[in-house]
Structures are given as C-alpha cells and as structure tokens.
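Here is the structure we will look at.
Nothing in this text is a laboratory measurement; each read-out follows from the coordinates by a stated rule. Since this is a predicted model, take the numbers as computed values, not measurements. Here Cβ is always computed from backbone atoms with ideal geometry, including for glycine, and neighbour counts include all displayed protein chains.
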Amino acid sequence: MSVATQPFSGTFVADPTHSSLTFAVKHMQVSTFRASFDDLDARIVADRQGIRFAGAARVESLSVKDPDFRAHVVHSADFFDARRHPELTFRSDDVQLDDDGTFTARVELTIKGVTKPVAATGAYQPLVEDPYGSIRTAVELTATVDRRVWGMDWQALLPKGGDALSYDVQLTGHLELIQES
C-alpha cells in the first residue's frame, strides 16, 4: 500500500449535523448497547507539516433515553463523571492517509482527565463540492478500548457467571468536514 500524496489541504471543521461520536458495548452478553454524543466539534488541518486533527464531545450531550440510567452513565464516577469532567477530547499529530482511502491515526484520547494513546483506523472520502459551493470530505474512524483505563470499572456479575457489561468498548467517529474559507 503506497502512502498518498496529501489528498486534501487546508482546514476542515466538522459539520455538527452530519458528524457523530458513538460508543458500543456488549450488555448482559446478549446485545450491544449504543449511545452517541450529540454535541461534538472537530477540526482537521492538512498542510506542509502533515495532517492533524483535534476535537471534543460534551459528556452532557450523551443520548441515553432512560433518565435514571442516563444519570448513572453521565454523572456518576462509575462512568463519565460529567460534573468534574464535562468533555472528552481527542487529538492526533500522527495521521496517515493511503491511496486506497485508508485513514490511520495514533490518537490521544482524554476521558475523565486521563489521556491514553489509542490506535484508530478507518477511511476518508475524496473532496467533493456540495450544491452550496462548499468543499467537503469525510473521515470515519473506529477504535476498541478497555474502559477501565479511564477509571470506568463498574461491573456486575451475572448469576451464572460472566460480566454484565463488557470492558471492551468500540468507539466510532463519523466526521463530515467542511473546508474553511
């Protein structure tokens, strides 16, 4: 696989309507629980120094329907502890785009004030002009992390053995990006 000459340049910001950060975690060993952060911003800069990106998601914007369950996930120290840590952040100065559309990045992910490296992989889309004259691209990334690394170690045991909630969590970022003028 050959490394692409930089397929785009300039600064691109996430279109908040068409971008999301989601997570998925196995629940009760039978299904996958998914939720998303509705308030997300991100920026990618591509210039002679390479490609870099950074962004943040507001924890309070987490989409969980049940109010009691939402309060536990968003506000308790067992999970995101939003009062003390209102957002999670991500950034990377180590991005590789390949000719086949592959996007790989070594990301610094900060949750609850703890920053850890994460390897993310995915794809990017070539530039396109939208009907309104803006230039757009998109990046989709996934990474699987162990939630305990960020102090999210809540667990309940099932009556016949096993964990009620997986420690492995899949993070997925869908970023539709608009070039700044």
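Choose one answer from Gln155, Gln170, Gln96: the residue with the largest mean-square fluctuation in a GNM of the chain with alpha-carbon springs under 10 Å. Fluctuation is largest for Gln155. Computing semi-axes √(5λ) of the Cα gyration tensor in Å directly from the structure and comparing it against (1) 58, 21, 13; (2) 21, 21, 16; (3) 32, 17, 15 singles out (3).
Placing +1 on the Cβ of every Lys and Arg and -1 on the Cβ of every Asp and Glu, with no other charges, gives the chain a dipole of roughly 600 debye about its Cα centre. Taking every alpha-carbon pair under 8 Å whose residues sit at least 6 apart, the range 1-71 reaches a relative contact order of 28 percent. Close amide-amide hydrogen proximity is noted between Asp78 and no other residue 5 or more places distant or on a separate chain, at a cut-off under 5 Å (H modeled in the peptide plane; Pro and chain starts excluded). Within a straight-line Cα-Cα reach of under 22 Å, Lys65 can be paired with the following lysines, leaving aside sequence neighbours fewer than 8 residues apart in one chain: Lys26.
Per-residue Karplus couplings for the range 163-170, computed as 6.51 cos²θ - 1.76 cosθ + 1.60 with θ equal to phi - 60°, are listed in order as 8, 6, 9, 4, 7, 7, 10, 8 Hz, Gly and Pro entered as x.
For Met28, the amide hydrogen comes within under 5 Å of the amide hydrogens of Leu165, Ser166, counting only partners 5 or more places away or on other chains and with H modelled in the peptide plane.
Which of these, Leu158, Leu40, Leu62, has the largest mean-square fluctuation under a Gaussian network model of the chain (Cα springs below 10 Å)? Greatest mean-square fluctuation among the candidates belongs to Leu158. Taking each residue as 0.36 nm, the span from Lys112 to Arg58 lengthens on full extension beyond its C-alpha to C-alpha distance by 18.3 nm. Between Asp93 and Ser31, residue separation times 0.36 nm minus the direct Cα-Cα distance comes to 18.8 nm. GNM on the chain, alpha-carbon springs under 10 angstrom: the most fluctuating residue among Ser31, Ser92, Ser166 is Ser31.
For the range 10-179, the relative contact order is 25 percent, taking Cα pairs closer than 8 Å that sit 6 or more residues apart in sequence and dividing their mean separation by the residue count.
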